[in-house]
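S.K.: Take this structure, written in structure tokens, and hold onto it; I'll ask about it next.
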Amino acid sequence: MEKKLKSYSYINNQLHLEKVAVKNIAQQLATPFYCYSQSTIEQNYQCYIDNLQALDAMVCYAIKANSNQAIIKTLADLGAGADVVSQGELQRALMAGIAAEKIVYSGVAKTEKEIEFALAKNIYQFNVESKNELERINKIASKLNKVASIALRINPDIDAKTHKKISTGKSENKFGVPIRSARQLYRYAKELSAIHIQGIDVHIGSQITTLAPFEKTFERIKTLVNDLREDGIDISVIDVGGGLGVNYQQKSAINHEIKDYCTLLTQSFADMKCQIILEPGRSLVADSGLLVSQVIYLKQGQERMFLIIDAAMNDLLRPSMYDAYHKIVALDKHHEQGTYDIVGPVCETGDIFAKNRTMERMNEGDLLVIDRVGAYGSAMASTYNTRLLIPEVLVKHDKFSIIKARTDYQTLINQDNYAKWQK
Ligand SMILES: *Cc1c(COP(=O)(O)O)cnc(C)c1O
């Protein structure tokens, strides 16, 4: 039976995440803060697993989407692997309990130190982005008396039809090996003594909302795998990357999208006799998260009413960086409405969450939430304007727990030192 996925809901006109009234969290923990529903993440992961039964599949959570240890542990406890793009993320994954044999290492420029570290930990696979990187991995592995298992990341020259800043599979993007030179590079890799060719990898971008670009990509990858097999190169792993998009307009769960995507994967690859690796980030965690914030001022501008809230672009960059839409709703549900430009306090014109947005009428001191911010929210936060990184809270059923505490200004400022001649 299909489980019903939960997003936030109103009980007695009070916004709840799972069974927790978000206002109760806000009373203990000043705004702004992130809070995430653990059950939503679990159900999203389970939705992948349930719909991948016909494949030998491994779901490797793309840590960069939300790298809080409690989020990684939630997925680790379900048996997920990890896709990492830096040594820091690799350490996070290992510390949260993800076994090295379930970790794939992506990223366009792994340094020598990072490669050494990953080899020492015996990770499952390096997703290699260039000939130079291949040679470097070979050299380091030789030196350490190790053999590195690799996949070449192929740039299939496909337009993922997503925002240009998160499109990665076009020939003009910096990512991967051009599909036309892939066969040649595989032949070259075969000659390298410390390289074990394990698979092929592709990742065409993020927030992809139709299946067509995936379908085209998978066809190209299949053709290439068959060509490589003709060349005597054994491919046993196909890593399809991440990228499945989330409908940010909607409140309903993402299980239909995941299901359709898994059906496409099954149709595409069931006959390939390969392990299939998936690297979902956003689709596992985006709809689990809320950003809770308070109205500081209502400001009447010349033409519009500004709702100035205590969260800002440094806490949630997506609207300013990607022109992203996020639904914004009041914690106390009521029927009077207002239309606002919802902005943060940061000294940037781009510090805007929504323009000309109609929502519940708000007053100074009222609380609101920005919806579906579980992915690329806290992970992209900064301390710009000397604002503290905001706390994070995990909710499960009727419980909540702080999974990242607020620091204080002294701690932040003390990270700087005067130059030794300034003392
Ligand atoms: C960012 C990234 C992902 C995750 O993408 P989502 O859109 O969050 O699913 C997966 N693989 C690679 C290589 C990435 O860079």
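The values are calculated or read from the model by the stated rules, or taken from the named source; none is laboratory data. Because the structure is a prediction, the values reported are computed rather than measured. Virtual Cβ from ideal backbone geometry, glycine too; neighbours counted across all protein chains shown. Ligands, DNA and RNA are excluded from the accessible area calculation, which covers all protein heavy atoms including side chains. Shrake-Rupley method; radii C 1.70, N 1.55, O 1.52, S 1.80 Å.
S.K.: Which of the residues spanning segment 171-209 are more than 16 Å from the ligand (Cβ to nearest atom), assigned to a loop (DSSP other than H, G, I, E, B) and hydrophobic (A, V, I, L, M, F, W, C)?
M.R.: Listed by number, the residues that qualify are Leu192, Ala194.
S.K.: Let me ask something else. Spot the failing condition for Lys251; the list is (1) modelled with pLDDT of 95 or more; (2) touching a Ser or Thr at 6+ places or on another chain (Cβ under 6 Å), and only one is missed.
M.R.: All conditions pass for Lys251, except number (1).
S.K.: Taking Lys327, is it closer than 30 Å to Ile49 by Cα, open to solvent by 50 Å² or more (accessible area, probe 1.4 Å) and of a type in the set (Lys, Arg)? Before you say what the answer is, go through the steps one by one.
M.R.: On the way: closer than 30 Å to Ile49 by Cα: yes; open to solvent by 50 Å² or more (accessible area, probe 1.4 Å): yes; of a type in the set (Lys, Arg): yes.
Yes: the conditions hold for Lys327.
S.K.: Of all residues being farther than 18 Å from Ser206 by Cα and in contact (Cβ under 8 Å) with a residue 60 or more places away in the chain in segment 254-285, which is nearest to the chain's Cα centre (by Cα)? Just the residue, please.
M.R.: Restricting to residues being farther than 18 Å from Ser206 by Cα and in contact (Cβ under 8 Å) with a residue 60 or more places away in the chain, the top hit is Ile276.
S.K.: Moving on. For segment 387-423, name all the residues that are under 29 Å from Glu18 (Cα atoms) and either hydroxyl-bearing (Ser, Thr, Tyr) or not in a strand (DSSP E or B) (or both).
M.R.: Once the filter is applied, which keeps residues that are under 29 Å from Glu18 (Cα atoms) and either hydroxyl-bearing (Ser, Thr, Tyr) or not in a strand (DSSP E or B) (or both), segment 387-423 yields Leu388, Leu389, Ile390, Pro391, His397, Asp398, Ser401, Ala405, Arg406, Thr407.
S.K.: Have a look at Gln27, Gln53 and point out the one that is at pLDDT 95 or above and either assigned to a helix (DSSP H, G or I) or touching a Ser or Thr at 6+ places or on another chain (Cβ under 6 Å) (or both).
M.R.: So the residue among Gln27, Gln53 that is at pLDDT 95 or above and either assigned to a helix (DSSP H, G or I) or touching a Ser or Thr at 6+ places or on another chain (Cβ under 6 Å) (or both) is Gln27.
S.K.: Quickly run through segment 105-134 and pick out the residues that are of a type in the set (Gly, Ala, Ser) and at positive phi.
M.R.: Step one: of segment 105-134, the residues of a type in the set (Gly, Ala, Ser) are 106-107, 109, 118, 120, 130.
Once the filter is applied, which keeps residues that are of a type in the set (Gly, Ala, Ser) and at positive phi, segment 105-134 yields only Gly107.
S.K.: All but one of (1) touching a helix residue (DSSP H, G or I) at 6+ places or on another chain (Cβ under 6 Å); (2) under 15 Å from Val59 (Cβ atoms); (3) open to solvent by 10 Å² or more (accessible area, probe 1.4 Å) hold for Val84, so report the exception by its number.
M.R.: Among (1) touching a helix residue (DSSP H, G or I) at 6+ places or on another chain (Cβ under 6 Å); (2) under 15 Å from Val59 (Cβ atoms); (3) open to solvent by 10 Å² or more (accessible area, probe 1.4 Å), Val84 violates only (3).
S.K.: Continuing with this model, one more query. Just one of Arg180, Arg153, Arg187 is within 23 Å of Gly232 (Cα to Cα) and at pLDDT below 95; which is it? Break it down stepwise before answering.
M.R.: On the way: Arg153 fails: at pLDDT below 95; Arg187 fails: at pLDDT below 95.
One residue alone meets the criteria, Arg180.
S.K.: Next up: Could you go through segment 350-362 and let me know if any residue there is under 15 Å from Phe33 (Cα atoms), open to solvent by less than 10 Å² (accessible area, probe 1.4 Å), small (Gly, Ala, Ser) and modelled with pLDDT of 95 or more.
M.R.: No; the residues of segment 350-362 include none that is under 15 Å from Phe33 (Cα atoms), open to solvent by less than 10 Å² (accessible area, probe 1.4 Å), small (Gly, Ala, Ser) and modelled with pLDDT of 95 or more.
S.K.: So is Tyr45 open to solvent by less than 30 Å² (accessible area, probe 1.4 Å), within 16 Å of the ligand (Cβ to nearest atom) and closer than 30 Å to Gln267 by Cβ or not?
M.R.: Spelling it out, Tyr45 is indeed open to solvent by less than 30 Å² (accessible area, probe 1.4 Å), within 16 Å of the ligand (Cβ to nearest atom) and closer than 30 Å to Gln267 by Cβ.
S.K.: Any idea which residue in segment 346-378 is nearest to the ligand (Cβ to nearest atom), counting only those that are farther than 15 Å from Ala311 by Cα and among the aliphatic types (A, V, I, L, M)?
M.R.: Ala375
S.K.: Also, I was wondering about something else. Can you find, within segment 222-256, the residue that is surrounded by the most Cβ atoms within 10 Å (Cβ to Cβ) among those that are within 16 Å of the ligand (Cβ to nearest atom) and over 28 Å from Ile370 (Cα atoms)?
M.R.: Asp239
S.K.: Any idea which of (1) within 16 Å of the ligand (Cβ to nearest atom); (2) open to solvent by 30 Å² or more (accessible area, probe 1.4 Å); (3) within 30 Å of Glu364 (Cβ to Cβ) is the one Gly289 doesn't satisfy?
M.R.: Status for Gly289: all satisfied but (2).
S.K.: I'm trying to understand the selection: among the residues of segment 210-221, which are within 16 Å of the ligand (Cβ to nearest atom) and farther than 26 Å from Ile41 by Cα?
M.R.: Thr217, Phe218, Ile221
S.K.: Are any residues in segment 367-393 open to solvent by 20 Å² or more (accessible area, probe 1.4 Å) and under 18 Å from Gln69 (Cβ atoms), and if so, which ones?
M.R.: Tyr376, Ser378, Ala379, Met380, Ala381, Leu389
S.K.: Sticking with this one: Can you give me the number of residues within segment 372-386 that are under 18 Å from the mean Cα position of the chain (by Cα), under 19 Å from Leu412 (Cβ atoms) and part of a loop (DSSP other than H, G, I, E, B)?
M.R.: 2
S.K.: Within the bounds of segment 61-76, is there any residue that is touching a residue at least 12 places away in the same chain (Cβ under 8 Å), exposed (fewer than 15 other Cβ atoms within 10 Å of the Cβ) and at negative phi?
M.R.: no
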